[in-house]
Amino acid sequence: MLFISRYPTNVKSGGAAQHQVLELTGQVSYSEGTVSHYVVGDIHGCLAELTHLLDALPLKAEDKLIFLGDYIDRGPDSKEVVSYLLERQDRANQEMIFLKGNHEDMLMAYLGLQGKHGDMFLFNGGWATLASYGITGRNSDPNALLSRMPDSHLEFFKRLNIYHIIEPFLCVHGGIHPSKPLNEQIEEEMLWIRDEFIWNSHRLPYTVLFGHTPLQEVLFQLPYKIGLDTGLVYGNTLSCLETTEKVLYQITKGTKPVQRRSVKGRWEKLESTPVP
C-alpha cells in the first residue's frame, strides 16, 4: 500500500509550475525579524527533491529547520541525504533539528545499537540504504555497513532527538499516544504509532506535527494534528510547513519547481468555529 488513503485528507496539491518558479496560492507575508520554523516531512533517500525544496525556502539567519525523521531507506540516496544534511548544518546560519524516524530506529537495531525491530530493516527499504553505502549483492552482514559508514553518519543517527516542541506545536515522527501525558509517552510509540493516534483526538496542549504515515495530501486535523508525510519516495510530494505564517511548501517527485501556498485559513476557520 503506497498511501493510507482511508485517512481523511483535505489539502489539494498545487498545479504545475515552471523551473524554479514558486507558485503562490493565498496571501503569504513575512514579518522582518520574525523567527520562522520550517518542519520537513519524510525524505527516504530522495536527495534531489530535498535540495530543491530547501534551496527554495526564504530562510533568514534566525530561522530553524526541523526534520521529522526517515532520512533513509527505499530511495536511492540515503548516504547522500545524510551527507548533504551534515554539510548544510556546517555551513548554514539556521539551526537544524533532526528527529529520529522508525527507519533510523530499525537501522540502529540492525547495527546492534540502541533501537528496535532490526530484523525488519532490510525488508523495509534497508537494501537501498546498503546500496547507497556501496554494499552490493545481498550482503546482509551489519559489519559490512558499519565498515563503510562514516563516523559522522553514525554519530548523526545516534544523536537524533525523539521530539521537539515549538509552542504550540510538538514535532515527532510517528505521533503520540492520545491518552497519555507527555511525561508518560514512550519512544517506541512516538516512532511507530499510527491508527490509535490518527483516528483519535488527544489531551496534550499541542498541535502534533508528524510524519511516518504516507498520505496523498497533507492531513489537517486541527487543533490536534497535522500529517506531513506525503509519500515522496512513492512518487508523490515532499512537504514542509512553515509554522509562523502558516505556509506550505511542496515539491513533486522528479521535478524541480517548489509550490507554496498559505494555509493560514485552516487556523482562521478553526478560530471562527463556535465553541459548543
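Taken together, the values in this text are just the output of simple stated rules run on the coordinates, not laboratory data. In this text, all values refer to a predicted model and were calculated from it rather than measured experimentally. Reconstructed Cβ throughout: ideal geometry from the backbone, glycine too, with neighbour counts over all protein chains shown.
Here the calculated FRET efficiency for K60 and N161, from their Cβ-Cβ distance with R0 = 35 Å, stands at 0.95, rounded to the nearest 0.05. Length gained on full extension, E184 to A48: 45.1 nm, using 0.36 nm per residue less the C-alpha separation.
The calculated FRET efficiency for the pair L146 and Y234, based on their C-beta separation and a Förster distance of 25 Å, comes to about 0.30.
Taking 0.36 nm per intervening residue step and subtracting the Cα-Cα distance, what contour gain separates N124 from V35 on full extension?
Values: separation 89, 0.36 × 89 = 32.04 nm, distance 3.68 nm.
This chain segment gains 28.4 nm when fully extended.
For the chain, the share of DSSP beta bridges that are antiparallel, to the nearest 5, is 50%.
Backbone geometry of region 153-169 corresponds, through the Karplus equation with coefficients 6.51, -1.76 and 1.60 at θ = phi - 60°, to 3J(HN,Hα) couplings of 6, 4, 5, 4, 5, 5, 9, 4, 8, 8, 8, 8, 10, 10, 2, x, 10 Hz, x marking Gly and Pro.
Once the Kirkwood radius over Cα pairs is known for the chain, the Stokes-Einstein relation at 25 °C and 0.890 mPa s delivers a diffusion coefficient of 129 µm²/s. Note on region 205-276 and region 168-199: Cα centroid distance 18 Å, given to the nearest whole angstrom. Would you mind telling me which residue in P150, P76, P257 has the biggest mean-square fluctuation in a Gaussian network model of the chain, where springs connect alpha carbons within a distance under 10 angstrom? Result for the chain, Cα springs under 10 Å: P150 fluctuates most.
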